[in-house]
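What follows is one structure encoded as structure tokens, with my remarks underneath.
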Amino acid sequence: MARYWIVVGGPEVFETTRELGFTRQGFKSTRRVMANSIVPGDMLAFYVTGRKQFAAIARVTTPVVEERTRIWTNSKKPDELYPYRAGIEPVVTVPQEHWLDAEPYHERFEWTQRWPKAHWTLAYQGNLHEIKKPDFDLLHHDLKAASTLRVSPAGDSPG
């Protein structure tokens, strides 16, 4: 049975995953136990720090392995190698203009309810969070809808 995860990372880490065609994802060295519980078929939703937005969903395609070659870089943590890695495939990718703001989901998700609304960003501390299927399904639905929105040419009004 699939498990559902939020992967929290900065824009440069997410951009590398996107440039790789959503074929690989690395997890921080501090998340060894959690990362090693991820198996093929599990689903990952990507939360981009700084932007405080959800950007994509991918399915895990291979078991997690430990590797020490540098793929992802993080200017805030230059020594982090994201050594626990899995093969992934894209399920939903959203143009950056249509990424979903995470704050409104605080009220809609069950898993975020242990944090007060005024401190909703605390839910996204740490690189990896397991969430329940109903929360993931809600996000999947909304990201899928956002992925079909038309990107307007520069200077045009949306619509």
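The values are calculated or read from the model by the stated rules, or taken from the named source; none is laboratory data. Owing to the predicted nature of the structure, the values given are computational and were not obtained by experimental measurement. We place every Cβ from the backbone using ideal geometry, glycine too, and count neighbours over all the protein chains shown.
Only one residue in THR69, THR61 is polar (S, T, N, Q) and more than 17 Å from the chain's Cα centre (by Cα). Which one?
THR69
When you go through (1) over 14 Å from ILE6 (Cβ atoms); (2) over 13 Å from the mean Cα position of the chain (by Cα) one by one for PRO90, which number turns out not to apply?
Of (1) over 14 Å from ILE6 (Cβ atoms); (2) over 13 Å from the mean Cα position of the chain (by Cα), only one is false for PRO90: (2).
Restricting attention to region 2-40, which residues are closer than 15 Å to ASP137 by Cα and not hydroxyl-bearing (Ser, Thr, Tyr)?
Result: ALA2, ARG3, TRP5, ILE6.
Is one or more of the residues making up region 78-85 under 11 Å from the mean Cα position of the chain (by Cα) and among the hydroxyl-bearing types (Ser, Thr, Tyr)?
No, region 78-85 contains no residue that is under 11 Å from the mean Cα position of the chain (by Cα) and among the hydroxyl-bearing types (Ser, Thr, Tyr).
Return the pairs, sorted by first residue and then second, in which the second residue is surrounded by fewer than 17 Cβ atoms within 10 Å (Cβ to Cβ) and among the basic types (Lys, Arg), the first residue lies in region 88-115 and is more than 20 Å from LYS133 (Cβ to Cβ) and at pLDDT below 95, the beta carbons are less than 6 Å apart, and the residues are 6+ apart or on different chains.
Qualifying pairs under 6 Å: none.
Restricting to region 72-94, count the residues that are out of contact with any Gly (no Cβ under 6 Å at 6 or more places or on another chain) and assigned to a strand (DSSP E or B).
9
Of a type in the set (A, V, I, L, M, F, W, C), touching a strand residue (DSSP E or B) at 6+ places or on another chain (Cβ under 9 Å) and under 21 Å from VAL33 (Cβ atoms): which single residue out of TRP99, TRP111 fits that description?
Criteria check complete, one pass: TRP111.
For region 7-21, does any single residue satisfy the condition of being over 30 Å from LEU149 (Cβ atoms) and surrounded by fewer than 17 Cβ atoms within 10 Å (Cβ to Cβ)?
no
So, restricting to strands (runs of 3 or more DSSP E) that lie completely within region 1-71, which ones have at least 3 residues that are free of Cβ contacts under 8 Å to residues at least 60 places away in the same chain?
In region 1-71, 43-48, 53-60 are the strands (runs of 3 or more DSSP E) which contain 3 or more residues that are free of Cβ contacts under 8 Å to residues at least 60 places away in the same chain.
Within region 126-144, identify whether any single residue is at pLDDT 95 or above and in contact with a Pro (Cβ under 9 Å, 6 or more places away or on another chain), and answer yes or no. Spell out the reasoning first.
If we filter region 126-144 for residues that are at pLDDT 95 or above, which is where we start, we get 128-144.
Restricting the remaining residues to those that are in contact with a Pro (Cβ under 9 Å, 6 or more places away or on another chain) gives none.
No.
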